1. For chain B, what is the calculated [θ] at 222 nm in deg cm²/dmol (nearest 500), taking -39500 (n - 2.57) for each run of four or more DSSP H residues and dividing by its residue count?
2. Please work out how much length the chain gains when fully extended from B:SER36 to B:ALA80, using 0.36 nm per residue of separation minus the C-alpha to C-alpha distance, in nm with one decimal.
3. How charged is the neighbourhood of A:VAL39? Take every other residue with its Cβ under 14 Å from the Cβ of A:VAL39, and add Lys/Arg as +1 and Asp/Glu as -1.
4. Which order do the peptides B:165-172, B:180-187, A:93-100 take when ranked by the mean count of other beta-carbon atoms within 10 Å per residue, highest first?
5. Run the numbers for B:GLU6 and B:HIS56: contour at 0.36 nm per residue of separation, minus the present Cα-Cα distance, in nm.
6. What are the aspartates and glutamates whose alpha-carbon lies under 14 Å from the alpha-carbon of B:LYS68, with same-chain residues fewer than 8 places away excluded?
7. Based on a Kirkwood Rh over C-alpha pairs, give the Stokes-Einstein translational diffusion coefficient of the stretch A:1-52 at 10 °C and viscosity 1.306 mPa s in µm²/s.
8. Which parts of the stretch B:87-103 would a label at B:ARG181 reach, counting a residue when its backbone N lies under 14 Å from a point 7 Å out along Cα-to-Cβ?
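Coordinate-derived values only; no laboratory data. Bear in mind that the values here come from a model prediction, so they are computed numbers and not experimental data. We place every Cβ from the backbone using ideal geometry, glycine too, and count neighbours over all the protein chains shown.
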Protein chains: 2
Amino acid sequence: MPSKTETRRENLRQRLIELGEAVITEQGLPALKARSLAVEAGCSVGAIYNVFPDLHHLALAINGRTFKRLGEQVAGAVSALTDTPACERLVAMGLAYLDFASENTAAWTALFEIDMAVGEEIPHWYMAALEVLFDHIRRPVAELRPDLSPEDVEFLVRGLFSSVHGIVWLGLQKRISAVPRHEISRMITLILSEIGE
Amino acid sequence: MPSKTETRRENLRQRLIELGEAVITEQGLPALKARSLAVEAGCSVGAIYNVFPDLHHLALAINGRTFKRLGEQVAGAVSALTDTPACERLVAMGLAYLDFASENTAAWTALFEIDMAVGEEIPHWYMAALEVLFDHIRRPVAELRPDLSPEDVEFLVRGLFSSVHGIVWLGLQKRISAVPRHEISRMITLILSEIGE
DNA sequence: TCCTATATTGAACCTCGTTCAAATGGAGGC
DNA sequence: GCCTCCATTTGAACGAGGTTCAATATAGGA
């Protein structure tokens, strides 16, 4: 049975994650500030450090949620396409990734902006979340390129993910030089269509 | 004729760029600090703000140099390969990009870590430097894919650059989960070999 | 040489993340 | 119900960092 203290802490923890998520979603990772968070949560600054070792870990918890939403959205884009050619399924996932990133730019940016050097501990679920995405990509890739060894399929899977990520990342960077959405999707389509031709 | 003051300023400007470049090369962008820079340069903190509006602009100047070196290294990788097949030239450039990034990780990371939101002014030469790289990529791509419209060639050029960038970026991220160098180069080779097959 | 406009300086300001001595509050015993 | 003791919470204080600006020093001309 959780003690009064434990439930209070757990409530605060959840409240901080939700408030922090709103901040990151609306203003990005750099806007996550201990003092303003404390005001919003109606607690003291120190209270934050009672439930998280530091702000970095709060950000990680928030990124965990974002990763989950991202995975669901990409998975959702292919789950309905069982009889669709593999190449089109690949493109659909790439475009779903672009959709998520452009609809949740600040939160998605935070996924890769966070300083992984801190504490040298990359949460295992961070890599696990990526693996889930890779799983979805592997099937169509293996179908399209039966000539490749399993190792090369794996490299191609990771290479394709990184490629789409790179196109979206550089494409969404900065409004001023930002590439129009339809140009980004054309790049993704062109690159992914090269596979298995 | 430059006044005494002007030459002093110019000297300090150059000194700061060189000292800052060493800092970024060895310890990365976050290690660029006004106070320690002032000590190293033997000047006051305020003096930095006499020659640069803020540290952001000093970092931009340093990134300008890094971009130049990067461009030269990639260009150098293809300049000797005039009779080599287009596909191999593409791969050579991709691997040259990887070489530069892994030999100059901190400085190369700073190119994309810098906060472009500040002041909303992306220096024109930042984009110009990228265009130089694109120029090198365009020739082999146009050769390999004569079926594509000029617009699509352009999209493929930018898409391929972004792809290689994405593979290198995610591959070099963090020692712990860092991908071995030969795996990164295999991903690049696989992706680029898909073009024009 | 002296004088004034210009340039330089660095202490002080502000904003952060994080800490820790002091105040608070809960739980068990009487 | 009340008291005591220990865990919990608090928020002022610390240290680090970018940036500013009144005070100081220095050109450069008369």
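1. Values: 9 runs with 148 residues, N = 197.
Calculated from helices alone, the mean residue ellipticity at 222 nm is -25000 deg cm²/dmol.
2. Numbers: separation 44, 0.36 × 44 = 15.84 nm, distance 4.28 nm.
Stretched out fully, the B:SER36 to B:ALA80 stretch lengthens by 11.6 nm.
3. On the way: positive: A:ARG15, A:LYS33, A:ARG35; negative: A:GLU40.
My count for the surroundings of A:VAL39 gives +2.
4. On the way: B:165-172: 23.8, B:180-187: 18.0, A:93-100: 21.1.
Highest-to-lowest ranking by the protection proxy: B:165-172, A:93-100, B:180-187.
5. Numbers: separation 50, 0.36 × 50 = 18.00 nm, distance 2.20 nm.
Full extension of this stretch gives 15.8 nm more.
6. B:GLU21, B:GLU131
7. Working: Rh = 11.4 Å.
Estimated via Stokes-Einstein, D reaches 140 µm²/s.
8. B:95-103
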